[in-house]
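Okay, structure first, notes after.
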Amino acid sequence: MFFFPPIAGQPLAGPLYVLFISLEKPLLLTGLTRFLNLHIQVRWFWMASLASVLWLLAALAAGLPPFARAMGFCTVNAALLLYMGWIALKNSAGFPRWPLVLTATASFALSAHWLSGPGLIEVFPAWARNGFVLGTLLVLLQYLSLMTAVLSLFQSRLIDAESKALDLAFHDPLTGLNNQRYMKTLFDQALVLATRPHHVVAVFYIDLDNFKPINDTAGHAVGDEVLKTVAARLKSSTRSTDICARVGGDEFVVIATQLDEEAQAGEVAKKLLARLTECIPVNGKEYALGASIGVALYPQHGRNLAELVQRADKAMYQVKRNGKSGCEIFAGAAT
């Protein structure tokens, strides 16, 4: 607008500016409606912009004065900006609100600027340049606020996706229990909190008895429901400070982190055994399970999770050898 040289006595800036505005407004509205996931026919934006250009051409052909030519073009652009501000304000729920409110405010201000421009220039010709500067500042505010909304939403979705990915990484998708990775990650932290004076940490290795026949005869869908019930019973039978994890098809580990004495580990094992051997109803039928539970204690049977799980697993196999469906504390000592 300031520096384009005239061609054949006619300034080039004017036609280029009209072309730019005629493309920019429908493109901006199209981008906003897609960002807000609105089902709006964007062709109306392009038709309105085309109408403003046709008005200019018709007004020029008819020899209308500059005020009349500009007023028709500016009215269409003001209407498009007014509509943009309205949809940004109305549909900000679920999106970064304050940037969209700023976008709407800038759009409303630009709409008023476009409507008042021809009249102000008619009265104060110097306003053409001052108004252009003001309009440019408002457009910058409009675009920067809209880009802030886009980037804020992107950041929010990225954080949500990361949270869901971590949830999937640390949880068993079938039962909702923690998985082995989570158990290993949190064990050291849990150990620090749980090994205060007179507190005991116990690792329970649980292998379900008679699960495979259920899975084979009733089908995997029923087997999945049985595992979900087992997981729910484990959660309801332990405290919020304990860790429940599924480590295999029908194998589970429970880490009790704040037991008052060693004897309490045996009581917890018996409680878990009694709960897991209750019949499980699925689709009108009841299925009976057993559970072999091996127990290892910190620090008597191991100084880290791998050692404790290994010795709890050995104790569990001793239960299997003794006839299944029981519980036993590891008989050896840490080496």
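For every residue, the table says whether it meets (1) in contact (Cβ under 8 Å) with a residue 24 or more places away in the chain; (2) of a type outside the set (S, T, N, Q); (3) under 19 Å from residue 330 (Cβ atoms).
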| residue | (1), (2), (3) |
| --- | --- |
| 207 | yes, yes, yes |
| 211 | yes, yes, no |
| 219 | no, yes, no |
| 234 | yes, yes, no |
| 263 | no, yes, yes |
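Any idea how many residues of region 93-116 are open to solvent by less than 70 Å² (accessible area, probe 1.4 Å) and either part of a helix (DSSP H, G or I) or among the aliphatic types (A, V, I, L, M) (or both)? Can you show your working first?
First, pick out the residues of region 93-116 that are open to solvent by less than 70 Å² (accessible area, probe 1.4 Å): 95-96, 99-104, 106-107, 109-114, 116.
Keeping just the survivors that are either part of a helix (DSSP H, G or I) or among the aliphatic types (A, V, I, L, M) (or both) gives 99-104, 106-107, 109-114, 116.
Of the residues in that region, 15 qualify.
Within region 220-238, restricting attention to residues that are open to solvent by 40 Å² or more (accessible area, probe 1.4 Å) and of a type in the set (Gly, Ala, Ser), which residue is farthest from residue 186 (Cα to Cα)?
221
Just to be sure before I move on: is residue 253 assigned to a helix (DSSP H, G or I) and either within 23 Å of residue 170 (Cα to Cα) or in contact with an Asp or Glu (Cβ under 8 Å, 6 or more places away or on another chain) (or both) in the structure I sent?
no
Look at region 117-143 and say how many of its residues are closer than 16 Å to residue 73 by Cβ, touching a Phe, Trp or Tyr at 6+ places or on another chain (Cβ under 9 Å) and surrounded by fewer than 18 Cβ atoms within 10 Å (Cβ to Cβ).
So the count comes out to 5.
From the list 320, 271, pick out the single residue that is touching a strand residue (DSSP E or B) at 6+ places or on another chain (Cβ under 6 Å) and assigned to a helix (DSSP H, G or I). Show your work before the answer.
Details: 271 fails: touching a strand residue (DSSP E or B) at 6+ places or on another chain (Cβ under 6 Å).
None of the other options fit; the residue is 320.
When you check residue 181 against the structure, is it at pLDDT below 95, open to solvent by 20 Å² or more (accessible area, probe 1.4 Å) and under 23 Å from residue 270 (Cα atoms), yes or no?
Taking the combined requirement at face value, the residue does not satisfy it.
Filter region 59-77 down to the residues that are among the hydrophobic types (A, V, I, L, M, F, W, C) and either over 17 Å from residue 19 (Cβ atoms) or touching a residue at least 12 places away in the same chain (Cβ under 8 Å) (or both) and list them by number.
Start the filter on region 59-77 by keeping residues that are among the hydrophobic types (A, V, I, L, M, F, W, C), which leaves 59-62, 64, 67-68, 70-71, 73-74, 76.
59, 61, 62, 64, 67, 68, 70, 71, 73, 74, 76 - these are the residues of region 59-77 that are among the hydrophobic types (A, V, I, L, M, F, W, C) and either over 17 Å from residue 19 (Cβ atoms) or touching a residue at least 12 places away in the same chain (Cβ under 8 Å) (or both).
Could you tell me which of the residues 267, 261, 307, 278 is under 25 Å from residue 215 (Cβ atoms) and acidic (Asp, Glu)? Walk me through it before giving the result.
Values: 267 fails: under 25 Å from residue 215 (Cβ atoms); 261 fails: under 25 Å from residue 215 (Cβ atoms); 307 fails: under 25 Å from residue 215 (Cβ atoms).
Testing whether each residue is under 25 Å from residue 215 (Cβ atoms) and acidic (Asp, Glu) leaves just 278.
Let me spell it out: the conditions are (1) touching a strand residue (DSSP E or B) at 6+ places or on another chain (Cβ under 9 Å); (2) in a helix (DSSP H, G or I); (3) over 24 Å from residue 223 (Cβ atoms), and residue 306 meets all of them except one. Which number is the exception?
(1)
Residues being touching a Gly at 6+ places or on another chain (Cβ under 7 Å) and over 12 Å from residue 149 (Cβ atoms): count how many of those fall in region 76-110.
The qualifying residues number 3.
Go through (1) open to solvent by 10 Å² or more (accessible area, probe 1.4 Å); (2) more than 22 Å from residue 182 (Cα to Cα); (3) under 39 Å from the mean Cα position of the chain (by Cα); (4) hydrophobic (A, V, I, L, M, F, W, C) one by one and return the number of the condition residue 288 breaks.
For residue 288, the failing item is (3).
Here are 82, 32, 36, 27: which of them is surrounded by 12 or more Cβ atoms within 10 Å (Cβ to Cβ), out of contact with any helix residue (DSSP H, G or I) (no Cβ under 8 Å at 6 or more places or on another chain) and within 30 Å of residue 96 (Cβ to Cβ)? Give the steps one after another, and end with the answer.
Numbers: 82 fails: out of contact with any helix residue (DSSP H, G or I) (no Cβ under 8 Å at 6 or more places or on another chain); 32 fails: out of contact with any helix residue (DSSP H, G or I) (no Cβ under 8 Å at 6 or more places or on another chain); 36 fails: out of contact with any helix residue (DSSP H, G or I) (no Cβ under 8 Å at 6 or more places or on another chain).
Exactly one of 82, 32, 36, 27 is surrounded by 12 or more Cβ atoms within 10 Å (Cβ to Cβ), out of contact with any helix residue (DSSP H, G or I) (no Cβ under 8 Å at 6 or more places or on another chain) and within 30 Å of residue 96 (Cβ to Cβ), namely 27.
Give the residue, chosen from 277, 241, that is β-branched (Val, Ile, Thr), open to solvent by 40 Å² or more (accessible area, probe 1.4 Å) and at pLDDT 90 or above.
Values: 241 fails: at pLDDT 90 or above.
None of the other options fit; the residue is 277.
Limited to region 60-74, what total is found for residues that are assigned to a helix (DSSP H, G or I) and out of contact with any helix residue (DSSP H, G or I) (no Cβ under 7 Å at 6 or more places or on another chain)?
3
Among the candidates 309, 254, single out the residue that is surrounded by 14 or more Cβ atoms within 10 Å (Cβ to Cβ) and within 19 Å of residue 239 (Cα to Cα). Break it down into steps so the answer makes sense when it comes.
Numbers: 309 fails: within 19 Å of residue 239 (Cα to Cα).
After applying the criteria, what remains is 254.
Go through region 39-78 and report how many residues are open to solvent by less than 60 Å² (accessible area, probe 1.4 Å) and over 21 Å from residue 14 (Cβ atoms).
Qualifying residue count for the region: 3.
The values are calculated or read from the model by the stated rules, or taken from the named source; none is laboratory data. Bear in mind that the values here come from a model prediction, so they are computed numbers and not experimental data. Neighbour counts are summed over all protein chains in view; Cβ atoms, including those assigned to glycine, are modelled from backbone coordinates with ideal geometry. When the accessible area is computed, the model is the full protein with side chains, heavy atoms only, and any ligands, DNA or RNA have been set aside. Shrake-Rupley method; radii C 1.70, N 1.55, O 1.52, S 1.80 Å.
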